[in-house]
Amino acid sequence: DTGVSQDPRHKITKRGQNVTFRCDPISEHNRLYWYRQTLGQGPEFLTYFQNEAQLEKSRLLSDRFSAERPKGSFSTLEIQRTEQGDSAMYLCASSPRPGALNTEAFFGQGTRLTVV
Amino acid sequence: DAKTTQPPSMDCAEGRAANLPCNHSTISGNEYVYWYRQIHSQGPQYIIHGLKNNETNEMASLIITEDRKSSTLILPHATLRDTAVYYCIVSPLTNAGKSTFGDGTTLTVKP
């Protein structure tokens, strides 16, 4: 399977703990996106990378959140001092470089975070 | 706020065409219309996109009005597996992955 892979699929953590999620994009895609989705709502954009550069961050990405893509391949999203309001599905997507024939984003299956 | 408006829910009989409308009256000249769908507990899946011409692929057809202020996604022969939330978004081709999703339309295909 050469799709977008996310790990873990599910994470239950206690409030105040730190969590880290991983996303492996489609190998030839140089853009990578993180979204958050709460129950009954559409995905909300958090941040995106072009290669290893983080080009944009949403206001939703508080200072407890940090994302990295150190070698322009996989990415990690870390949440420090988790709060119950962080409970959500965290989605990763990747897309080809601008100008490529196909420009749509491919999403992973997501990581469902539950903070108790 | 989302740049598109969609009805919250629709029903369709299995085997019939499902026509999902979307309003995007503030679309810019360089923005494309993209459709994704999300089946329960999975990530969104790309369906189709277009600029101003009608488009068709193996999954669906996309009809965009001449003024580009609205569009319709057509699933020609809906099956039970097409039950999902369908999202219409507008985005420039140069950054199609950075999108503002609304709450979409929940399509329920009934036997």
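The values are calculated or read from the model by the stated rules, or taken from the named source; none is laboratory data. These figures come from a predicted structure and were not determined experimentally. So basically every Cβ, Gly included, is an ideal-geometry build from the backbone, and we count neighbours across all protein chains shown.
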Check your understanding: For segment A:23-116, which fully contained strands (runs of 3 or more DSSP E) count at least 2 residues that are at pLDDT 90 or above and closer than 19 Å to A:G3 by Cα?
Key -> A:31-37, A:44-50, A:75-79, A:88-95, A:111-115
Check your understanding: Any idea how many residues of segment B:1-52 are surrounded by fewer than 21 Cβ atoms within 10 Å (Cβ to Cβ), assigned to a loop (DSSP other than H, G, I, E, B) and not aliphatic (A, V, I, L, M)?
Key -> 16
Review point. Out of curiosity, is A:Q50 more than 8 Å from every other protein chain (Cβ to nearest Cβ) and surrounded by fewer than 16 Cβ atoms within 10 Å (Cβ to Cβ)?
Key: no
Check your understanding: Based on what the data block shows, is B:E55 surrounded by 14 or more Cβ atoms within 10 Å (Cβ to Cβ) and among the acidic types (D, E)?
Key -> yes
Review point. Is segment B:35-44 home to any residue that is more than 14 Å from chain A (Cβ to nearest Cβ) and not polar (S, T, N, Q)?
Key: no
Exercise for review: Exactly one condition in (1) at pLDDT 95 or above; (2) under 22 Å from A:P96 (Cβ atoms) is not met by B:Y46; state its number.
Suggested key: (1)
Check your understanding: Out of all the residues in segment B:62-84, is one or more under 30 Å from A:T111 (Cα atoms), at pLDDT 95 or above and within 12 Å of another protein chain (Cβ to nearest Cβ)?
Key -> no
